[in-house]
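Here's the structure we're looking at; comments come further down.
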Amino acid sequence: MACLLVWMLALAGCSPQSTNSSQAQQLSGGSKLEVVNVGHQSGTPGLNLLKARKNLEKRIASDGITVKWIEFRGGPPMMEAMAAGSVDIGNVGNLPAIFAQAGNNPIVYVAATGSNAGAQAIIVRKDSPIKSLADLKGKKVAVQKGTALHYLVLKALEKAGLTLNDIQPTYLSIPESQVAFEGGRIDALPIGDPFLAQKELANEIRVIARGNEVAPQRAFYIATRNFAENHPDLVQVILEEQRKVEEWAKANPGEVANLLAEQTKYKPAAWEWALKRRPYFGVFDMKDEYVAEQQQVADLFYTQKLIPKPIQIKDDVWLAKR
């Protein structure tokens, strides 16, 4: 990039001041962009680390662009915010993006994470009579509709030879499902870290199925189509800074746990436990294998009549120009 800018300076006879202007135009896609709206979830590491470290703000400040961080308690409301135009880019699990596509929300996949299924599980209280997935028959199980945990429930039931008709699905948001579980109003809870790690550390639960055993999956960085098409260089900058902060995180686990504790309601010990046992960092280009994995999820939800129409993941994959 530096060589390219030097070549452009020589060719155009520009001053360093005009170079800064050129860079700003590149990041803003030729139109003046003053704020980038980034959606992040309160219980996930990824973008919370970037927010805490303020690397993105430092990178784009000279271009006159500021960052507005918008927190969500789950992926579905973030997708709704994207549809409304109030979020430009964010990070969600596999299902929110599929439901957004099926609802004609103009979003695109700009990157994928490593597998995060190891950070998910279906849990019961320590004294529960439920010992296996088969024991879920007839029981009240939380279903967080449109989230990655929804997919975990379907695949876990499938492994046990059950369907949603065999249980009492209780449709709740992720925060609502946590409260219901702690209050004894549901029998089993599909959930992820750091709530899962916190409960394991306290020895309050038993795990009857882990996500990586029944429903391998990953999360995705999602942008509005308008933002990705009009500001491709800025999308690349955001992904680059996320990669950098994750490389830093690998070498600084203690500091990472403290930063995430500051960004969330969970204690450093829960984050240390979660990240040590189940690291799932990574910012990867959308490979064919990731598209194929996501297509299988979309096809399952269509055959189960949980989304209104078939969708093609490949139709909404953003191809970065390099």
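The values are calculated or read from the model by the stated rules, or taken from the named source; none is laboratory data. Treat the numbers as computed from the prediction; the structure is a model and nothing was measured. Using ideal geometry, Cβ is built from the backbone for each residue, glycine included, and neighbour counts are taken over all protein chains shown. These accessible areas exclude ligands, DNA and RNA; they are computed on the full protein's heavy atoms, side chains included. Shrake-Rupley method; radii C 1.70, N 1.55, O 1.52, S 1.80 Å.
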### Query
When ligands, DNA and RNA are left out and all protein chains stay put, how many square angstrom of accessible area per residue does the chain have with a 1.4 Å probe?
46
### Query
Which cross-chain or sequence-distant (5 or more) residues have an amide H under 5 Å from the amide H of Val317, H modelled 1.01 Å from N in plane?
Tyr109
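To the nearest 0.05, what FRET efficiency results for Asp315 and Glu71 with a Förster distance of 22 Å applied to their C-beta separation? All intermediate terms of the calculation are to be shown ahead of the outcome.
On the way: r = 30 Å, r/R0 = 1.35.
With a Förster radius of 22 Å, E is 0.15.
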### Query
In whole Å, what is the distance between the alpha-carbon centres of segment 63-107 and segment 297-322?
16
### Message
Using the Cα centre of segment 188-322 as origin and beta-carbon charges of +1 (Lys, Arg) and -1 (Asp, Glu), tell me which of Leu275, Tyr290, Val207 is placed farthest towards the positive end of the dipole.
### Response
Val207
### Query
Over its Cα atoms, what ratio of radius of gyration to 2.2 N^0.38 Å does segment 185-292 give?
1.29
### Query
In nanometres, what is the gap between the two model label sites at Ala292 and Ser86, each 7 Å from Cα along Cα-to-Cβ?
4.0
## Note on the structure
Lys and Arg at +1, Asp and Glu at -1: neighbours of Pro129 with Cβ under 12 Å from its Cβ sum to +2
### Length-normalised contact order for the chain - Cα pairs under 8 Å, 6+ apart - percent
25
